[in-house]
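Any read-out appearing in this document is the output of simple, stated calculations on the displayed coordinates, not a laboratory observation. Source: prediction; values computed, not measured. Positions of Cβ are backbone-derived with ideal geometry, glycine not excepted, and every protein chain shown enters the neighbour counts.
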Protein chains: 2
Amino acid sequence: MRDGGGSDDGTLGVRFGPLTDSLGFLLRLGQLSAFEAYYDEIGALGVRPGEMSVLFLVAENPGVRQGVLASSLRIKRAHMTKMIRAMEDAGLVHRTVPEDDRRSVELWLTAAGRARVAELTGPVLAHESRAQGRLDQREAAQLKRLLRAYLNIPEDPSGPGHDPLEESGS
Amino acid sequence: MRDGGGSDDGTLGVRFGPLTDSLGFLLRLGQLSAFEAYYDEIGALGVRPGEMSVLFLVAENPGVRQGVLASSLRIKRAHMTKMIRAMEDAGLVHRTVPEDDRRSVELWLTAAGRARVAELTGPVLAHESRAQGRLDQREAAQLKRLLRAYLNIPEDPSGPGHDPLEESGS
DNA sequence: CGAATATTGTCTACTTGGAAACAGAATTGA
DNA sequence: TCAATTCTGTTTCCAAGTAGACAATATTCG
């Protein structure tokens, strides 16, 4: 233990007062902390969190409409337009206008996009399996469960218990 | 009904795949969700989350140095400079250069700043006491506890208030 | 002491994300 | 049918936040 009150976290003995019990405040700090860890560990892969989530969601939901993707990720549609265009220019996603509603746009991964997802999956899952800071496995699982409940996101049917990495090579 | 299995949350039947178990992803969505609720409920008070946290932290730590405030809130110092200047121009904060280190700046609330904090405290605490979405009191308290552990933020010694559910041991 | 180094806040330029207006397509209602 | 309205993505402009260089002050060490 070092000097009194100060944690090793940048909170240099500051008292947080009522913010200590503010869910929004804690979520904001938690997100910043998690993204910092993300950049430290897999930032070198050159894919930022937003792009990562778009890639994984399109991979999981081929043909998803752009606006549905935006509202699912809580990204504004104006911003989603820019992100998708950049990813299209990078050759990762393909855009399609369906015949039954020519206002909308459906999104698909290109072969390059699928390859990118394939090469990202391992490092990302590895990162997630240890991106838990001071929490042990049980606490981290509980935290994620509570966040999913808060967000009304269903539990992953495949479950975190079985590590998809084990699929390769038995 | 257009979508099948859509929740009332904007997640229109989209499968989140591996992101379902990503702490960073869940924290990001949680933060956006919490800030949305914040704006819906007390955005009309004209104080945004960042300013709010600065006001409360300076109120709780009179004379705190600007850089300490920045690193505690995970706000970059360049940005903190702008925020503090705006709050100084608004007459809420007073800046002082201490004799023992003339590089640094100490922050204090003005009388107007203290008045602002006083008038914000009630609405903010009221908001926090019900800003829990679908979580019940016990789940929300547990979520906050886990987030504080993740962030290495000490529990509030004064406690979350006169909560009848507290210390219900298991 | 005095030169090299580190720290603190600030400045400029840039990136990220959002608000509001818009255009084209679909839907509604007379 | 066809005018009014709504929906979807886009454009433009602006605010929020970051990166990196900088000036002033402190600290370290010869």
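Rounded to the nearest 20 debye, the dipole magnitude of the range B:8-129 is 580 debye, with +1 charges on Lys and Arg beta carbons, -1 on Asp and Glu beta carbons, and the Cα centre as origin.
Here is how far apart the B:ASP101 label points are across copies: 5.7 nm, shortest first, using a point 7 Å from Cα toward Cβ. Taking the label point 7 Å along Cα→Cβ, B:ALA115 and its counterparts in the other copies are spaced 6.6 nm apart, in ascending order. With label points set 7 Å from Cα along Cα→Cβ, the inter-copy distances at B:GLU155 are 2.7 nm, sorted shortest first.
All other residues whose Cβ lies under 15 angstrom from that of B:GLY24 are scored, Lys and Arg at +1 and Asp and Glu at -1, for a net of +2.
Sorted fewest first by neighbouring Cβ atoms within 10 angstrom, B:GLU128, A:GLU36, B:GLU99 come out as B:GLU99, A:GLU36, B:GLU128.
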